[in-house]
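Enquirer: Below: one structure in structure tokens.
The values are calculated or read from the model by the stated rules, or taken from the named source; none is laboratory data. From a predicted model like this one, the values you see are computed outputs, not experimental measurements. Backbone-built Cβ (ideal geometry, glycine too); neighbour counts: all protein chains shown. The area values use the complete protein model at the heavy-atom level, side chains included, leaving out ligands, DNA and RNA. Shrake-Rupley method; radii C 1.70, N 1.55, O 1.52, S 1.80 Å.
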Amino acid sequence: MSGQYSILTPGFELVHEQLQDRLGSLNLQFHLTTKCQNRCAHCYMYDGSTYDHECDSPLTFRQRKQLLRDFIELARSHHLKPFVTFSGGDPLLYERFWEILAYANTGFGETVVSAIMGNPDTVTPETALRLGGLGIDRFQMSLEGLGEVNDGIRGKGNFKKTIVAARILRSAGIRVQILFTLSKRNAGELIPVIDLVAAEEALEGFGFTRAAAFGLGRSLLEQNDLTTEEFRHLLLRTLERYRFWQEKNNPTRWSRKEPLFALLYDDLGLRDDTVKGGRCLLGSNQLSILSDGTIMPCRRLALTFGNWPEISIEQALKWQRENFTGAADIEGCRECELWKNCRGCRAVFYHLTQDPGVRDLHCWKP
């Protein structure tokens with residue numbers, strides 16, 4: 001793609017070896033469209049290296065069907081379960097959304113797309129029932145704070161819309177998860193949002209991730225990022241709040257997708273196999289593909305493999321498994337005993353060096 005940095009080397013050759021993953025699945029985040037009702041302060045979608053081409057050269061409907069077919073056939077050929085999440089923009093704004101969802105979930109003898117990452121604006125009682133009828137059982141939306149703080153980041157009225165949409169989705173039997181994107185701007189809202197999620201029956205799960213300096217997030221983080229000490233303190237307070245609600249038998253599912261949870265647990269002497277950090281998934285059976293076919297190892301990391309169908313899904317998976325699976329390629333991780341459960345987040349500080357092996361600078365381990 002013109003203007004994009006690709007890490008797929010000209011001499012790459014496809015090596016035929018069986019793809020394996022301990023979870024037994026092959027995972028694709030398919031970004032159907034750039035259309036969106038919001039322009040969130042940290043959004044990666046608007047990065048110039050990908051956004052303009054996405055808007056100008058989206059895949060055709062026939063190409064999208066073929067991409068899904070390729071993905072599903074690849075998964076089955078390696079005895080893996082295909083799992084696709086539709087995202088965007090707001091995926092429901094894709095003009096042929098219902099057709100592509102029906103194709104994915106009725107054309108292959110199993111439910112392939114069971115999760116949506118979307119916005120509240122397109123959620124109505126009719127939409128929710130239709131989603132459930134086509135196999136969707138999880139819907140992720142975002143909150144970046146309470147009331148005006150959230151709306152200052154995501155757009156006027158978004159907070160109220162999200163709560164209303166969550167209740168509509170839950171009444172249709174769809175589980176709703178909230179994602180919080182953390183930066184210094186909204187750090188003081190993390191615990192209040194956790195408490196909100198615990199109190200709101202329509203919200204089934206919660207997790208947070210750090211904003212990456214990619215797209216609109218670049219200016220947000222370059223101006224004022226959290227220090228390592230500030231982040232560790234927030235992580236500890238988050239764990240304490242999770243435990244507070246768990247001890248009250250609150251049914252909310254509290255995600256520990258943040259990789260550095262593993263380091264915090266180690267600090268607290270809680271090294272067991274039941275609670276781990278989110279562990280960076282680079283190098284596993286997971287890809288993101290944009291609406292123009294751009295293939296990325298992670299949507300928050302400003303690296304591309306090239307474009308499907310010029311680069312096959314299998315080629316991209318094999319390349320990233322060969323280049324992102326070892327500790328040796330991450331500065332500071334080579335000798336760390338927490339490697340299996342952590343690996344940090346490569347996306348958060350990639351902008352500093354343009355090196356995917358850059359150390360997670362929020363890691364406080366010597």
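Enquirer: Tell me the label-point distance for the pair Cys55, Glu229, using the 7 Å Cα-to-Cβ offset, in nm and rounded to one decimal.
Expert: About 4.3 nm separates the two model spin labels.
Enquirer: State in Å² the accessible area per residue of the chain; use a 1.4 Å probe, count heavy atoms of protein chains only, and round to the nearest integer.
Expert: 44
Enquirer: For the peptides 56-62, 128-134, 149-155, 113-119, what is the packing order when you average, over each peptide's residues, the other Cβ atoms within 10 Å and list the highest mean first? Working shown, then result.
Expert: Details: 56-62: 13.3, 128-134: 16.7, 149-155: 20.6, 113-119: 23.0.
Most protected by this proxy first, the peptides run 113-119, 149-155, 128-134, 56-62.
Enquirer: Here's something else I'd like to know. Check the cysteines of the chain one by one and keep only those with no other cysteine Cβ under 4.7 Å from their own.
Expert: Cys36, Cys55, Cys280, Cys298, Cys333, Cys336, Cys342, Cys345, Cys363 - these cysteines have no disulfide-compatible partner (Cβ-Cβ under 4.7 Å) in the chain.
Enquirer: Name the most mobile residue of Glu126, Glu314, Glu201, meaning the one with the largest mean-square fluctuation, in a Gaussian network model of the chain with Cα contacts below 10 Å.
Expert: Maximum fluctuation in the GNM of the chain, among the listed residues, is at Glu126.
Enquirer: Using only alpha carbon pairs under 8 Å that are at least six residues apart, calculate the relative contact order of the chain and give it in whole percent.
Expert: 19
Enquirer: Another question about this same structure. Under a crude label model (7 Å from the Cα following the beta-carbon direction), how far is Gln354 from Asp267 in nanometres?
Expert: Taking the simple label geometry, Gln354 and Asp267 are separated by 3.4 nm.
Enquirer: Do the sum for the chain: with -39,500 (n - 2.57) for every DSSP H run of n ≥ 4, divided by all residues, what is the mean residue ellipticity at 222 nm, to the nearest 500 deg cm²/dmol?
Expert: So the helix-based figure for the chain works out to -10000 deg cm²/dmol.
Enquirer: About the Cα centre of the chain, how large is the charge dipole given +1 on each Lys and Arg Cβ and -1 on each Asp and Glu Cβ? Please answer in debye to the nearest 20.
Expert: 660
Enquirer: How many angstrom lie between the C-alpha centres of segment 238-271 and segment 129-160?
Expert: What the calculation gives is 24 Å, centre to centre.
Enquirer: Next question. Between Ser171 and Lys365, what is the label-to-label distance in nm when each label sits 7 Å out along the Cα-to-Cβ direction?
Expert: So the label points at Ser171 and Lys365 sit 4.8 nm apart.
Enquirer: Then there is this: First compute the accessible area of segment 310-366 with a 1.4 Å probe, then give the percent of it belonging to carbon and sulfur atoms.
Expert: It is 51 percent, rounded to a whole number.
Enquirer: Let me ask something else. Pop out the ³J(HN,Hα) list for segment 253-265 in order, Karplus 6.51 cos²θ - 1.76 cosθ + 1.60 with θ = phi - 60°, rounded to Hz; leave Gly and Pro as x.
Expert: 8, 9, 6, 10, 6, 5, x, 6, 4, 4, 5, 5, 4
Enquirer: Please state the relative contact order of segment 122-245 as a whole percent: Cα pairs under 8 Å, 6+ residues apart?
Expert: 24
Enquirer: So what is Rg over Rh here for segment 113-191, counting just Cα atoms and using Kirkwood for Rh? Write down the numbers at each step before the final one.
Expert: Working: Rg = 13.0 Å, Rh = 12.9 Å.
Ratio of gyration radius to Kirkwood radius: 1.01.
Enquirer: Which lysines have a Cα less than 22 Å from the Cα of Lys318, not counting those fewer than 8 places away in the same chain?
Expert: Output for Lys318: Lys81, Lys340.
Enquirer: Something else about it: Stick to Cα atoms and the Kirkwood definition of Rh, then tell me Rg/Rh for the chain.
Expert: Details: Rg = 19.8 Å, Rh = 21.2 Å.
Computed over Cα atoms, the ratio is 0.94.
Enquirer: Would you kindly state how much longer the chain becomes between Asp195 and Asn250 on full extension, computed as 0.36 nm times their sequence separation minus their alpha carbon distance, in nm to one decimal?
Expert: Contour length minus the Cα-Cα distance gives 18.7 nm.
Enquirer: Roughly speaking, to the nearest percent, how much of segment 62-219's 1.4 Å accessible area is carbon and sulfur?
Expert: 50
Enquirer: Which whole-number percent gives the relative contact order of segment 99-194, counting Cα pairs below 8 Å spaced six or more residues apart?
Expert: 31
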